[in-house]
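Note sheet for the following structure.
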Amino acid sequence: METFWQDLLFGARLLRKQPGFTAIAIFTLALGIGANTAIFSVVNGVLLKPLPYAEPERLVMLWERNLPKGMEQEMVTPPNLADWQAQQRVFEHLAFWTGDSEFNLVQADGSEKIRASYISANLFPTLGVQPLKGRTFLPEEDQREGNRVAVISYEFWQRQFAGNENVLGQTVTLDTYGRRAYTLVGVMPPGFQFPGKSEVWLPAGWNGIPRDRRGGHWLSVLARLKAGVTREQAQAEMNAIQARIEAQFPNLNLGSHVAVVPLLEQTVGRNLTTALWILWGVIAAVLLIACANVANLTLAQATARQKEIVIRLALGASRWQVVRQLLTESLLLAIAGGGLGLLLAVLGLEALKAISVEQIPRLQNVRLDAWALAFTLLVSLLTSVLCGIAPALQATKHDLNEALKAGSKAATTGLHHNRLRSGLVVAEVALSLLLLVGAGLMLNSFARLITINRGFQPDHLLVTKLDFSVSGFTSWVQPTTTRPQVTLLELVQRLQAQPGVQSVAAVSALSRSAGPPRQGILIEGRQPSETPRANFQGVTPDYFRTMGIAMLQGRDFTEHDIFEAPSVTIINETLAKRYFPNETAVGKRLAMEGRTPGQPAGPNPAAASPWSEIVAVVADTKKLNLSADTMPEIYMPYWQWPMQTPELLVRTNAPAATATAAIRNEIKALSKNIPAPKIETMDAMLAEVVAEPRFHTMLLALFGIIALLLAAVGIYSVMAYSVAQRTHEIGLRMALGAQVADVLQLVIGQGMKLVLLGVTIGLAASLALTRLLKTLLFGVSATDPWTFALIAVLLLSVALLACYLPARRATKVEPMIALRCE
């Protein structure tokens, strides 16, 4: 121990005498160690840390699956769930909920939106979570209609009731299709939010959920495996049950299998899991590049101390003692780099949480904990070995008689004679190219993603979601003057009169879902081999003009397309080309699947026929998601397709803040019952759509640039040191008649040979490894040749510059001075 302490003191004095080398080495290592620590904390907190429930490894989500029908993870129908509960033998509990929804909380001054869920009484026991105060739901509350109890979150308790200890027994009033008061029976622990971001839980029971709707998929199902039962065993049994159900009801849109997905995997998502592991791999490569850089610097220092090392060996020191001293110096650098890296990790983690907390589940709870500290220590120790062992072994590998002779050849050998240093340069270049190719592919993909022509004009467009499910608005079944359409029409007219407003419209819902259309349609006079499917939307007149969607044929809807009028519809270009090729779609008629002539039903029960006449064809639009596909779309006039929660669209040339205030004022003046809406620009909504790929791209690009800079510094430092060591040789060459161009060619040629070898290895590795990015790319191949070529040219250009600067310095050598240097 005393010897080790002496080595530490000697190493510290030596590093203090070389401030430039020490500062560069510590900062380089801090960059790599800090980034790895930050990403380790994210990976550990998001992917590896168990969910905060009892025995979370036994919790799984259940979904219906039928891949030929495009059902990968479909919600469960109530009758299917009832059959599962009756027949399964592999789960302790089967719980469900009907969605993480927005409810209207009624207060003295109006309504506000809160997140709430209808859940089965056994959801909390399935999770193994106990309330902080009171109780959860009783089994009998899950079986009968009319119960009026609620459980609230800790945060809701603090916000709405100021933490009142007597909260149990008080009521909250929720207004969704009618006002209802719910008695509070429990408060959940701090931080508990399941499903989604729910703040209030209501007992679903089977209230309003008909057990005979086997074709209706709307239940999310959570299950707890019995002790000793594997997921594979559960999968096999559930598939057998589902196969029997499908055979019994062959004509319904049911899953043929059941997907049994671990709750942690479901919470995080496959794409994010892949992205985080890839990101950690990228940052680990950055650390390896940093280690290669420091190893090269350490090797250069060891070479400069060659005489000192040789004398130590000659005086009787063992090779292990010298190696131990050099490794101790590397350890000091790594520990200092680790300490600074820990500070960088704290800053980096906070930056990650600031820019991506919405894109990464569980990220808000990630901290630099004991595991992160242990990881930093381990990485620092490994880094000290990686940076020090090779230089130490190289530095102590000498023939003492030869090394002690003056004029040793060691100082005049070219770069190609030092295989270790050359190998480190090649490794740096190869790793840098691999990271840069990955970053280049992501940048290419992101550029394509944000330049998608979505078929409408997003600029100067405000979007707000209205809610007419509150009291005072009747359902669409009866055409009375209190229906939402009357209020919507008045609101549209008021906003159109506002200064700067160019047009106003509304749509039942902007298309966001990534799945294929589900609603079957019938085309009059045809018996297709398979049922055509399309998305349906209700829209007001001027919707297409407000959105900037081109009208290709026919007319727009008008206020004369009322509830009692003949049903009309507008279709998009994709539907027209697919189902009306080589003919005019305008004038044809279609209906929703399940409606037959003579049996009017559905959105227009007053009409004499279920058929809707096509009155126009409009240009295609793309959904507000990461897909570039266009789907068949059918638009209905809003009087014939009533909308409880429409999205209002306002195109204005006024400042967004002014228009937003006008919208809020008009909504409040119209009805204080309507909750204050969230108003966004369409540009902001599209930015949110690409937030996750932007996050991945930004980080990969950042660390790709860091890798490029580290590689450039590494090449430059090696070449600069090589030139300094070969001053005598270069001077001799110039004294014998070598020209400036000859010296440039000599130095640059030796450096670029290593770079070209590294580029070749890097390209081969990139072809093999960038396929891991396939699921994260949009519109670009994982082996895109243009990206590979451009990145290779970029790296070669930077490397050429890194070689040129030391080479140019070599041409300034005065032959006579150089000849005297030995």
Quiz item: Which Cα, out of 91, 131, 121, lies furthest along the positive dipole direction of the range 33-182 (beta carbon charges, K/R +1, D/E -1)?
Solution: 131
Self-check item: Cross-link table 133/226; 113/622; 197/353; 465/668; 353/622; 133/353, entries beyond 20 Å C-alpha to C-alpha
Solution: 133/226; 113/622; 353/622; 133/353
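If I take R0 = 60 Å and measure r between the Cβ atoms of residue 243 and residue 420 in this structure, what FRET efficiency does the formula 1/(1 + (r/R0)^6) give, to the nearest 0.05? Numbers along the way, then the final one.
Details: r = 63 Å, r/R0 = 1.04.
So, using R0 = 60 Å, E works out to roughly 0.45.
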Practice problem: Enter the Cα centre distance for the pair the range 110-166 and the range 663-680, rounded to the nearest angstrom. | Solution: 28
Self-check item: Label-point gap, in nm, between residue 724 and residue 82 - each point 7 angstrom along Cα→Cβ
Solution: 8.3
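Per 0.36 nm of contour for each residue apart, how much would the distance between residue 265 and residue 502 grow if the chain were fully extended, relative to their Cα-Cα spacing?
Values: separation 237, 0.36 × 237 = 85.32 nm, distance 4.65 nm.
This chain segment gains 80.7 nm when fully extended.
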Quiz prompt | Area accessible to solvent at residue 808, 1.4 Å probe radius, in Å² | solution = 120
Quiz prompt | Phi-based couplings in Hz for the range 750-767 (Karplus 6.51, -1.76, 1.60; Gly and Pro marked x) | solution = 5, x, 6, 4, 5, 5, 4, 5, x, 5, 4, 5, x, 5, 4, 5, 5, 4
Self-check item: the range 244-300 - Debye-derived log10 I(q)/I(0), Cα point model, q = 0.26 Å⁻¹
Solution: -0.97
Practice problem: For residue 141, tell me the accessible area in Å² from a 1.4 Å probe, rounded to the nearest 10. | Solution: 10
Practice problem: Describe numerically, in nm with one decimal, the distance between label points set 7 Å from Cα along Cα→Cβ at residue 457 and at residue 132. | Solution: 5.1
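Report the calculated FRET efficiency for residue 159 and residue 564 (r = Cβ-Cβ distance, R0 = 45 Å), to the nearest 0.05.
On the way: r = 46 Å, r/R0 = 1.03.
Once rounded, the FRET efficiency stands at 0.45.
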Quiz item: For the range 5-107, what's the radius of gyration and Dmax over Cα atoms, in angstrom?
Solution: 27.9, 79
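In Å³ and rounded to a whole number, note down the convex hull volume per residue for the Cα atoms of the range 486-564. All intermediate terms of the calculation are to be shown ahead of the outcome.
Values: hull volume 12.5 nm³, N = 79.
Per residue, the Cα convex hull of the range 486-564 comes to 158 Å³.
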Self-check item: With every protein chain in place, the range 27-69: carbon and sulfur % of accessible area (1.4 Å)
Solution: 66
Quiz item: Taking 0.36 nm per intervening residue step and subtracting the Cα-Cα distance, what contour gain separates residue 678 from residue 27 on full extension?
Solution: 229.8 nm
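So how strong a dipole does the range 679-822 carry about its Cα centre when Lys and Arg Cβ are +1 and Asp and Glu Cβ are -1, to the nearest 20 debye?
Details: 10 positive and 9 negative charges, 128 e Å.
With Lys and Arg at +1 and Asp and Glu at -1, about 620 debye.
Per residue, what volume in Å³ does the convex hull of the Cα atoms of the range 766-816 enclose?
Working: hull volume 4.6 nm³, N = 51.
Convex hull of Cα atoms, per residue: 90 Å³.
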Quiz item: What percent of all Cα-Cα pairs in the range 609-680 falls in each 5 Å bin, counting up from 0?
Solution: 3, 10, 15, 16, 18, 16, 13, 8, 1, 0
Quiz item: Any idea of the accessible area per residue across the range 682-822, 1.4 Å probe, to the nearest Å²?
Solution: 50
Practice problem: Note down the accessible area of residue 53, probe 1.4 Å, to the nearest 10 Å². | Solution: 40
Exercise. Let me know the shape class of the range 704-814, please: from the alpha-carbon gyration tensor, a ≥ b ≥ c as square roots of the eigenvalues, rounded when a/c is under 1.5, otherwise prolate if a/b is greater than b/c, or oblate.
Key: prolate
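The values are calculated or read from the model by the stated rules, or taken from the named source; none is laboratory data. Being a predicted model, the structure only gives us computed values, none of them experimental. Backbone-built Cβ (ideal geometry, glycine too); neighbour counts: all protein chains shown. What goes into the accessible areas is simple: the full protein's heavy atoms, side chains included, and nothing from ligands, DNA or RNA. Shrake-Rupley method; radii C 1.70, N 1.55, O 1.52, S 1.80 Å.
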